[in-house]
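The values are calculated or read from the model by the stated rules, or taken from the named source; none is laboratory data. All values reported here derive from a predicted model rather than from experimental measurement. Every residue, glycine as well, gets a Cβ built from its backbone with ideal geometry; the counts of neighbours run over all protein chains shown.
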Amino acid sequence: MTMNVNNKKICFIICTNDETLLKECILYINQLEVPCGYETEILSIKDADSMTSGYNSAMKMSDAKYKVYLHQDVLIIEKDFIGKILDIFNSNKNIGMLGMVGNRTIAADGCPWSDGMHRRVGEVYADIIKQNCYSLFSKAEKPYEDVVVIDGLLMATQYDLPWREDLFKGWDFYDCSQSLEFIKAGYKVVVPYMEKPWCLHDNDILNMVNYKKWHSVFRQEYENIYYKWTDNGKNDQNNVDVSNMKKAVYQIFTNGSSLLNFPYPPVFKEENTDYICFTDMKDVFSHYWKIKYIENLDNEKPEENETIKNILSDYDKVYEIKPNQIIVEKIFEKENEYPPMIDVLPLDKLPNVKFDLSKLVPTKNEKGEYVYKKNPVYTGGKYEGREYVLTIGVPVSNQIETIDRCLSGIKPLLDNLDAELVVVDTGSTDGTIEVCKKYGARIVEFPWCDNMSAARNTGIYNAKGLWYMSIDDDEWFENVDGIIDFFKKGLYKKCDAAGYTQKNRLYKSADVFTENFAIRVAKITPDLHFEGRIHDCLTIEGNPIVLPLNAVANHEGFMREDEKKLNKKYRRNTSILLYDVYEYPAHPRYNYQLANEMANIGYFNEALGYFFRGIAIDMEYPDAYFGRQHATSILSTFYHATSERLFSMSKMLMSKYKFTDVEMAYFYYNLADVGLRCSHAPEEVLENYKKYVEYKNKYDKNPIGNEMKAFTGTHVCKNPAAITDGHVIAFCAYCKLGDMEGAIAELNYIKPDEVFNETYFFVEGVLRADDELFEKVFDMISAIQCEMWMNEFVYQFSKILLEENMFELCKERISLYLQKLSIKSTDTFVERLWEKLQTGTAEKLKKSILDDSTMDKGLQTLYFENAVIRKCLSDKSDMDVHMDVFFKYVQKTGIFAERYYSINVLNDDSDMAVSGEIRAAYDIYTAMKYMDDSTSGQIIGQIVGRLRHALKSFPGFKKEISLILDTIKSTM
Amino acid sequence: MQTEENIYELLKQGEIIKVEEALASVQAWNEKLIILNRLVKIFHTEVESGSEYTVFDYSVNMDVLAEHFTKVKLMLRRIEFDMPKEAINEFYDYCEKNKVSVYMLASMVLINTFYKEKVCKGLIDLYKEKKGQKSGEAEYFANLLKYIREKKSDDNECK
């Protein structure tokens, strides 16, 4: 008997053996919104023989077009679930079935997860009794993504296809089977895009008793069908589906072509473009590239391969990306403006470090699992069989200068708790161990092997405490009260791990530091261990409950003022970290640490490549924390590695991740700052500045909430100097724009002596202000600041002087500026300004400023004139011309000296009123006058005396004086 | 090493310390054993905090306890996902009738919920409504809420 299908009905089908779970499952179904005109039905099949038989019988019982097969322990929490699945089904009649979690590809053995979760797509809240988690495997594309199989936790259909109860008589693989049945029938199987998970799955421990049996049945039945979704099957597809695309970006990824063995996804992917990776490696996989496997690819000339040529000839435009490049922006509409790629330096090309593959000591086994020794289980002790409640582990290595500070900070813990101190000695010879012994330390020898985690794991292995706390010999606690309370009050019984605040001090001489929350205290289980050769990380099973402790430890790892030590540390850390990155190429933390090491020492461009690589990794293997961290670092680092390209990318990155208000404030602040530096339109600068203010205001309303989520950038919201600098950026932009009202409004927040970093912009704003504002603000700038900001004034004057119609304004303002300078500084200012000016501009300026009505003005004039002459002197290689210019210089200075100084002062070497240079010039000028008067022996003696005196006063004229003396000798 | 049956037998005899010792050496965990492990930890908190009733006062039969644990967890989740008032009242009545301690609820809030703050606020409102503004339970969950907020934000918890 055939049943009429009811197109307006949705049936929920649940196989059940537990009334409690079923009741709850139904409660949630009954709360769902039912679209107008639709009806729902719930069928629960009790104690079915198998999932397939239960589902088949329910399917036959219901006339609903739409059926939702779900586990009894699934709660549908998205109230508009029905509407949403109907939208998807109605949008494409080829969609046969959808699920909450599925697989884009499948492992060769047909199991959805046997080689990891990287193939999974979709999301679900999962509760597995001892912990909960938000299982986001990888967000599906909007509005849905095609998959090969879906998970049986929820399977919704719009067509009835019989479940294979002839094959699957248990509780496994019915879901994979049904997915492939739909695909065989020509339907799509999809996972919808979900803003948040639509379901909660109350998972329990998986019953795997018969898993292998049904797995084997599945393989036998479907292997030839699912093969095309395995890696090998995908590689075997001889024709990449390219027909409707006009552009292709391709990469030739051959065995050994990169030390970072990974075809990196583009950071920004353009629509209507095929991304093809040609490779001779069978195990290459990527969500982002269409992998085209080519056997026997000639590594020397892969581009000459006929298959590659044929495929690429189908496109109008093709671009090649080398294995160590990442596409970083949508470049094709402006392809002539910017290069589209950013280079990631190979590991063996990183600055100042060596990478030697023969020195790699693997840290993982053949299965790819991290290798560590399981910690022993003790009995008999009073703390769950262990002797102490806490073991404090300190790996040490020749730290005689800091070890006492470290251990004295720990001592209150040893005094107040049942605690022991275990020191892991990696080869100290400077007396460090003797100091440790004074604190009662138990010493464990550990030969250093370039692996910090191995040293720490030795500490855990040898610990007799129930809990382990790890601290470094260059750290020291400010207080440990929170840790003592944690153990004394028994709080440790309620969690798995704890952390404290780590202050990374940047300067010995100043209280400047960054803060982070470090999880360094954990209950010892057989599997507790550290991972990472240098910046190690505590690895705790499951989803641990972590308690923050009221304790602060200082860390002196990266003191900025000791450049030599910083460099040494960079070399040590990076040369070890390289091996982690090599061994775990897709591990976001190692990549981040490597990039960070480079950024710390100022290799910003090199670091940027790796930060972008981190985002590429995140696109392939999403990581909630590190993807965002890499983006944060790019948006912080591009300030240092100023470039137009980074500027244009930053906004794209800002919308790619969710950032806190304080981070957004910081990024917009940087954009405004860099925009001003790169001479972007002031309107754009102000737009970014206003965004900064907007986010800063949001931050001000909730500073604690913001800081709990991120530390980056808080200074632009909290630090008065940085805030003043922000106003300076806006002030300068308003002045450039000619908006004096806006500039005055910003000026109200600026005290010139509080301007910190942005002095160049402040001076630029001042010099570009209209007369009224200039007068007002120039009054605010003290004479001392005028001297301190001389470079800023020189730079801005020299820049503005070149602009059209700005000469007169600059001339007046230079005169006013000179009035605030001391006479001695005038010389320096003029000399520096002249260096930057074209000769024509300098001459014009000199002429318009010449005035010798007073001694000060006369001296200024002299400095102006001499600056021009000195500039000529440095340009002349012909000695005759050089000496002509020199004599002019000497004459002008001599005339000035005669006019303003008495003979006694000029002849008295001890009188500091006259500079050595002027005195020497006056002597030479006088000698020249004698030469004009007479050549008698007595006079010549006086000339020589004057010249020798000049040389003594100012040795800088040695070359010229020697020439004059030679000339005199030759005429005698 | 104790068998699973032996552990449940020890439980029936009320030998909670021995149950705990036996659980420490369990190699193959299943759903019931994990629940028992959770219950033992809840029991310790209840004892240390001077709770009038403990979870093992409800029953020492593991099947009954497992069902009890699951019911409380599922019903608590109704607050999290905005189930109707009657469903939440059912949860309250169940807890009152079966002397479910705040410590057991707190354990579930901390371990089994996704929007911890929301659940905490829901519990505070529920107990204030049922037992008045000065309800001890409401005060307890207010403190728990404070602790959760200090620990981290709701958003982060779900990541």
| field | Qualifying position, being touching a residue at least 12 places away in the same chain (Cβ under 8 Å) and surrounded by fewer than 20 Cβ atoms within 10 Å (Cβ to Cβ), among A:Arg386, A:Arg405, A:Arg456 | value | A:Arg405
| query | Going by the conditions given, is B:Leu110 buried (at least 16 other Cβ atoms within 10 Å of the Cβ), among the aliphatic types (A, V, I, L, M), outside any loop (DSSP other than H, G, I, E, B) and within 11 Å of chain A (Cβ to nearest Cβ)? | reply | yes
| Is at least one residue of the range A:410-419 more than 35 Å from the chain's Cα centre (by Cα) and free of Cβ contacts under 8 Å to residues at least 24 places away in the same chain? | yes
| query | What tally of residues in the range A:287-311 results from selecting those that are within 29 Å of A:Val147 (Cβ to Cβ) and assigned to a loop (DSSP other than H, G, I, E, B)? | reply | 5
| Condition check for B:Glu137: surrounded by fewer than 19 Cβ atoms within 10 Å (Cβ to Cβ) and under 23 Å from A:Val124 (Cα atoms) | no
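A:Lys464 - would you say it is over 30 Å from A:Thr574 (Cβ atoms), in contact (Cβ under 8 Å) with a residue 12 or more places away in the chain and in contact with a Phe, Trp or Tyr (Cβ under 7 Å, 6 or more places away or on another chain)?
The answer is yes for A:Lys464.
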| What pairs can you find where one residue is in the range A:604-633 and within 14 Å of another protein chain (Cβ to nearest Cβ), the other is surrounded by fewer than 24 Cβ atoms within 10 Å (Cβ to Cβ) and among the basic types (Lys, Arg), and their Cβ atoms are less than 7 Å apart, with a gap of 6+ or different chains? | A:Ala624/B:Lys159; A:Phe626/A:Arg589
| Unique residue being at pLDDT 80 or above and either out of contact with any helix residue (DSSP H, G or I) (no Cβ under 6 Å at 6 or more places or on another chain) or surrounded by 22 or more Cβ atoms within 10 Å (Cβ to Cβ) (or both) when the list is A:Tyr669, A:Tyr621, A:Tyr625 | A:Tyr669
| message | Return the residues of the range A:567-598 that are at pLDDT below 85 and over 19 Å from A:Asn451 (Cα atoms); say none if nothing qualifies. | response | A:Asn567, A:Ala586
| query | Across the range B:25-43, which residue is modelled with the lowest pLDDT among those that are facing chain A (nearest Cβ under 7 Å) and in a helix (DSSP H, G or I)? | reply | B:Glu31
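Among the residues of the range A:312-354 satisfying the criterion of being in a loop (DSSP other than H, G, I, E, B) and aliphatic (A, V, I, L, M), which is modelled with the lowest pLDDT?
Across the range A:312-354, the extreme among qualifying residues is A:Ile331.
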| task | State yes or no: is A:Thr391 within 14 Å of chain B (Cβ to nearest Cβ), within 26 Å of A:Tyr492 (Cβ to Cβ) and either within 33 Å of the chain's Cα centre (by Cα) or not in a helix (DSSP H, G or I) (or both)? | result | no
| query | Given (1) at pLDDT 95 or above; (2) assigned to a helix (DSSP H, G or I); (3) more than 38 Å from the chain's Cα centre (by Cα), where does A:Tyr69 come up short, assuming only one miss? | reply | (2)
| query | Which members of the range B:73-87 meet the condition of being within 11 Å of chain A (Cβ to nearest Cβ) and either of a type outside the set (A, V, I, L, M) or over 22 Å from A:Asn203 (Cβ atoms) (or both)? | reply | B:Lys73, B:Arg77, B:Arg78, B:Glu80, B:Phe81, B:Asp82, B:Pro84, B:Glu86, B:Ala87
| message | Among the residues that make up the range B:96-107, is at least one of them within 14 Å of chain A (Cβ to nearest Cβ), of a type in the set (Val, Ile, Thr) and closer than 20 Å to B:Lys32 by Cα? | response | no
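Take B:Leu11 and tell me if it is assigned to a helix (DSSP H, G or I), touching a residue at least 24 places away in the same chain (Cβ under 8 Å) and within 14 Å of chain A (Cβ to nearest Cβ).
Details: assigned to a helix (DSSP H, G or I): yes; touching a residue at least 24 places away in the same chain (Cβ under 8 Å): yes; within 14 Å of chain A (Cβ to nearest Cβ): no.
When the stated conditions are applied, B:Leu11 does not pass them.
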| message | Could you tell me how many of the residues in the range A:444-474 are in contact with a helix residue (DSSP H, G or I) (Cβ under 6 Å, 6 or more places away or on another chain) and at pLDDT below 95? | response | 5
| said: Restricting to the range A:874-923, count the residues that are more than 27 Å from A:Thr839 (Cβ to Cβ), outside any loop (DSSP other than H, G, I, E, B) and of a type in the set (Asp, Glu). | reply: 2
| message | Among the residues in the range B:58-69, are any outside any helix (DSSP H, G or I), facing chain A (nearest Cβ under 9 Å) and free of Cβ contacts under 8 Å to residues at least 60 places away in the same chain? | response | no
| task | Would you mind stating whether A:Tyr492 is closer than 21 Å to B:Ile148 by Cβ, in contact with a Pro (Cβ under 8 Å, 6 or more places away or on another chain) and modelled with pLDDT of 85 or more? | result | no
| field | Spans of helices (runs of 4 or more DSSP H) in the range A:720-831 with at least 1 residues farther than 22 Å from A:His680 by Cβ | value | A:720-737, A:740-747, A:771-780, A:783-788, A:790-801, A:807-820
